[in-house]
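Encoded as structure tokens, the structure appears first; notes follow it.
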Amino acid sequence: MNHPTTKNISSSVKRMRIIRHIPNTVLFNTIFVSVNILMASTRFSLSRSVQPILKRPPFSSSPRFAPKALLKSYPCPLWSSSFSFCVQTLHHSTSPYLSSSSSSSSSSFSSCSSFSPPSMASSFTVDDSVGSNPLLQDFDFPPFDIVEAKHVRPGIRALLKKVESDLDELEKTVEPSWPKLVEPLEKIVDRLTVVWGMVNHLKAVKDSAELRAAIEEVQPEKVKFQLRLGQSKPIYNAFKAIKESPDWQSLSEARKRIVDAQIKEAVLNGVSLEDDKREQFNKIQQELERLSHKFSENVLDATKKFEKLVTDKKEIDGLPATALGLAAQTAVSKGHENATAENGPWMITLDAPIFISVMQHARNRALREEVYRAYITRASSGDLDNTPIINQILKLRLEKAKLLNYNNYAEISMATKMATVDKAEELLEKIRSASWDAAVRDVEALKSYSKSQGASEADSLSHWDISFWSERLRESKYDINEEELRPYFSFSKVMDGLFNLTKILFGIDIEAADGLAPVWNKDVRFYCVKDSSGSPIAYFYFDPYSRPSEKREGAWMDEVVSRSRVLSRNGTTARLPVAHMVCNQTPPVGDKPSLMTFREVETVFHEFGHALQHMLTKQDEGLVAGIRGVEWDAVELPSQFMENWCYHRDTLMSIAKHYQTGESIPEEVYLKLLAARTFRAGSLSLRQIRFASLDLELHTKYIPDGPESVYDVDQRVSRKTQVIPPLPEDRFLCGFNHIFAGGYAAGYYSYKWAEVLSADAFSAFEDAGLEDSKAVKETGHKFRETVLALGGGKAPLEVFVEFRGREPSPEALLRHNGLLPVTA
């Protein structure tokens with residue numbers, strides 16, 4: 001690489017199976033990957049929970065088995081200027097019941113529906129007592145619409161009994177060959193992941209006390225199986241035998257990656273530990289799984305718990321019509337059936353669309369302070385207090401690291417990533433130093449502007465003032481009002497524009513296929529992805545709207561099933577990948593469609609980047625197809641890459657159509673949006689650096705039960721990463737799902753690491769000429785054939801070099817953020 005932080009990165013590339021989910025999903029590499037996959041499905045959050053065979057931290061979202069990549073979802077980074085809507089991640093879920101179809105028809109819908117599922121009946125039989133359980137039926141697509149909490153206990157237990165039997169047989173007959181080791185292993189893992197992933201997904205999007213209780217009861221049994229699988233010595237020895245065989249050099253690169261990952265994951269899963277230490281290790285894993293679930297549940301419950309009913313409209317002066325309508329709609333759902341946007345009452349909650357609107361627009365400073373304090377102290381007191389859970393998680397992670405002969409948990413995490421602890425810290429410091437002066441200027445500009453507007457708080461701005469005055473300054477400086485832009489970003493137009501962009505870049509068609517697959521909510525959409533010949537190559541669900549009463553906050557992508565040759569129905573064409581995307585954007589209000597903020601538009605593009613890597617893979621080895629097997633710190637490359645297109649003129653003009661008149665957004669407004677792209681970039685960069693630095697500090701140097709509390713560490717880290725330090729009572733950590741209930745433990749730096757990759761990748765299009773349609777298509781094709789197609793079957797640095805022609809440089813990232821002068 002061209003800078004000290006990442007140079008020689010190739011030497012530190014680690015095999016990390018990140019099947020997971022992005023989401024939260026992306027990762028599950030072979031056996032241990034497999035296990036991880038299973039674990040990922042557990043969804044401690046949205047991260048990858050399928051720790052290689054045992055479980056790894058998610059992507060998005062959940063903690064990996066050991067500390068590697070789990071099969072989890074990929075949650076968005078916490079980048080919002082106020083607080084991110086993407087704070088959490090969902091567990092990964094992999095459904096193995098889908099196969100590719102070799103036929104297509106003239107009708108787009110019929111061609112999509114020509115998909116033929118692999119029958120599970122011949123390989124999986126159940127007792128009559130559970131025979132009607134939808135979790136155990138053969139199906140084309142998961143029966144999300146009919147699965148209930150009552151199905152979880154008997155369904156999971158019957159499934160565990162079956163896979164236990166299959167594992168017994170595999171261990172008796174295993175041979176160091178692909179047909180006798182990897183293929184049966186993938187089938188075992190896939191069978192459980194699809195079902196476990198289904199129930200964990202429902203827990204994330206359709207939560208209930210009954211479902212929680214059912215999952216909590218069978219979770220230890222599932223984890224026990226995962227541990228057994230991850231620590232299977234017959235399987236571990238078979239993988240080692242493959243690597244030591246004369247045929248090793250003849251294996252494909254993808255298969256070598258699988259074998260290497262499985263061996264490493266097995267060690268990280270405790271396969272080499274003596275009996276007493278292995279028992280201790282397994283107890284730690286069980287407890288970490290339980291704690292991560294409890295952490296995310298507490299965050300969800302604490303978020304739902306805060307409700308403030310406002311009856312006097314003066315108290316919410318400044319809130320835009322969209323927010324007033326949503327607050328009234330929320331009030332109606334809470335029993336105030338006569339609530340209206342005009343006359344109230346209005347229910348203020350910590351749900352992202354309302355919370356962010358209050359922080360940005362409410363003139364009532366006392367209201368902003370009340371809501372802000374409620375947000376930063378979520379899950380930090382009473383029965384929902386996550387403080388003891390944080391302490392125990394950190395203590396157990398350190399114990400696990402010591403058992404595996406690592407100095408700290410971060411070293412375990414880095415064992416399967418591109419970076420090392422030193423390289424990650426070096427990159428963070430490089431970006432921190434480049435951002436600090438700009439962030440100081442940001443704060444001074446807010447003070448100056450607020451003073452010019454007569455604000456009494458101008459000389460002592462606090463946290464609940466920053467978003468409000470930032471929005472006023474942005475409106476003044478660029479004459480842009482985000483709320484006034486909403487009518488140009490209707491949900492349907494944004495999706496149409498996004499799909500048109502992917503057609504141009506990657507040569508695919510995306511068509512609605514609603515009704516083809518069961519869904520969990522009436523607002524969920526289902527789509528079919530086709531290649532240039534019109535044949536289906538993938539499918540995906542999209543759950544776009546906020547539902548605070550039952551749905552986790554944040555935004556994530558996860559896999560439902562991955563591409564796989566082994567799980568092909570007809571034995572000739574690979575099983576097609578299926579994904580789901582989940583956001584929490586503003587829902588339709590009254591007779592108006594969902595009108596999105598520009599930030600919500602960026603979030604959709606981000607998550608779709610994850611989905612594209614999952615769906616456009618050409619890897620037939622299921623354990624490294626799509627996002628599986630991709631090193632955690634490279635998995636955000638496609639998602640962050642896609643965000644850049646929101647600022648591309650032709651793309652923006654194609655999605656920004658007024659929902660009533662159909663008129664495109666005015667050219668002058670586009671130019672202002674472009675100019676405003678780097679507004680407060682220094683401050684937003686430091687926010688991410690704070691989270692990443694705090695994460696690494698807690699997983700490297702922090703001593704549980706030592707002289708410092710985790711909040712002391714946060715305050716210390718923040719002195720170098722925040723111009724305005726957090727309040728003494730700030731308990732942000734109690735809601736930090738990414739590292740305590742997701743897959744980003746000792747891995748949050750990955751967002752910045754991948755930003756370097758994604759910005760540099762987009763600069764390839766800039767170099768080719770963004771106005772040159774032919775060059776854009778050619779570069780897009782190359783991106784598809786490398787970054788999107790190769791999955792985890794090739795080391796990410798090699799994939800990047802194959803696309804870009806050189807190693808990455810941070811120059812493009814700093815330039816895009818306005819932290820580096822634009823060069824000729």
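The values are calculated or read from the model by the stated rules, or taken from the named source; none is laboratory data. Model, not experiment: these values are computed from the prediction. Don't worry about glycine lacking a Cβ; one is built from the backbone with ideal geometry, like all the others, and counts go over all protein chains shown. Note: areas computed on protein heavy atoms with side chains; ligands, DNA, RNA excluded. Shrake-Rupley method; radii C 1.70, N 1.55, O 1.52, S 1.80 Å.
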Rank these by accessible area, largest first, 1.4 Å probe: Phe608, Phe499. Phe499, Phe608
Region 328-344 residues near the modelled Asp312 label - backbone nitrogen below 18 Å, point 7 Å along Cα→Cβ: 343-344
Just subtract the alpha-carbon distance of Gln249 and Glu429 from 0.36 nm times their residue separation and send over the number in nm, one decimal. 60.8 nm
Sorted by mean Cβ packing within 10 Å, highest first, what order do the peptides 153-163, 245-255 take? 153-163, 245-255
Between Thr173 and Lys224, how high is the FRET efficiency from 1/(1 + (r/R0)^6) when r is the Cβ-Cβ distance and R₀ = 22 Å? Nearest 0.05. 0.45
Would you be so kind as to identify which of Tyr751, Val776, Phe732 lies farthest towards the positive end of the dipole of region 732-810, taking Lys and Arg as +1 and Asp and Glu as -1 on Cβ and the Cα centre as origin? Phe732
How do 784-793, 297-306 rank on mean C-beta neighbours within 10 Å, highest first? 784-793, 297-306
Show the residues, 5+ positions off or on another chain, whose built amide H is closer than 5 Å to the amide H of Leu790. Lys618
Between Asp514 and Asn481, what is the spin-label point distance in nm, taking each point 7 Å from the Cα along the Cα→C-beta axis? 3.2
With a Förster radius of 30 Å, plug the Cβ-Cβ distance of Asp437 and Ser460 into 1/(1 + (r/R0)^6) and report the FRET value to the nearest 0.05. 0.85
Using the alpha carbons of region 431-480, what is the convex hull volume per residue in cubic angstrom, as a whole number? 86
Just to be sure I understand the model, the point goes 7 Å from the Cα along the line to the Cβ. What's the resulting Asn500 to Lys150 distance in nm? 4.9
Considering the convex hull of the alpha carbon atoms of region 319-403, report its projected area averaged over all viewing directions, in nm², one decimal. 7.8
So, with points 7 Å from each Cα along the Cβ direction, the Ala209-Glu708 label distance in nm works out to 4.1
Hz values of 3J(HN,Hα) by residue in region 669-679 - Karplus curve (6.51, -1.76, 1.60), Gly and Pro given as x: 5, 4, 5, 5, 4, 5, 5, 7, 4, 9, 4
Note, ³J(HN,Hα) from phi for region 541-553, Karplus 6.51, -1.76, 1.60, rounded to Hz, x at Gly and Pro: 9, 9, 10, x, 9, 5, 9, x, 6, 9, 10, 5, 6
Order Arg563, Arg290, most accessible first, counting only protein heavy atoms with a 1.4 angstrom probe. Arg290, Arg563
Fully extended, how many nm does the chain gain between Gln660 and Asp276 (0.36 nm per residue separation, minus their Cα-Cα distance)? 131.4 nm
Using distinct alpha-carbon pairs, which all enter the 1/r mean, Kirkwood radius of region 233-317 in Å: 17.5
Can you give the extra length, in nm with one decimal, that the chain gains between Ser773 and Thr678 once fully stretched, where that is 0.36 nm per residue apart less the Cα-Cα distance? 31.6 nm
Cross-link pairs Lys187/Lys417; Lys400/Lys430; Lys233/Lys794 - those with Cα-Cα distance over 29 Å: Lys400/Lys430
Taking a straight Cα-to-Cα line shorter than 26 Å from Lys304, and setting aside same-chain lysines fewer than 8 residues away, one finds Lys72, Lys150, Lys203, Lys206, Lys294, Lys313, Lys314, Lys334, Lys522, Lys551, Lys592
Segments 134-142, 205-213 sorted - mean Cβ within 10 Å per residue, highest first: 134-142, 205-213
Cross-link partners of Lys672 among lysines (Cα-Cα below 25 Å; sequence separation of 8 or more within a chain): Lys447, Lys451, Lys477, Lys493, Lys657
What FRET efficiency do you get for Leu403 and Thr573 if R0 is 41 Å and r is their Cβ-Cβ distance, rounded to the nearest 0.05? 0.40
Solvent exposure ordering (accessible area, 1.4 Å, most first) of Arg363, Arg575, Arg806: Arg363, Arg806, Arg575
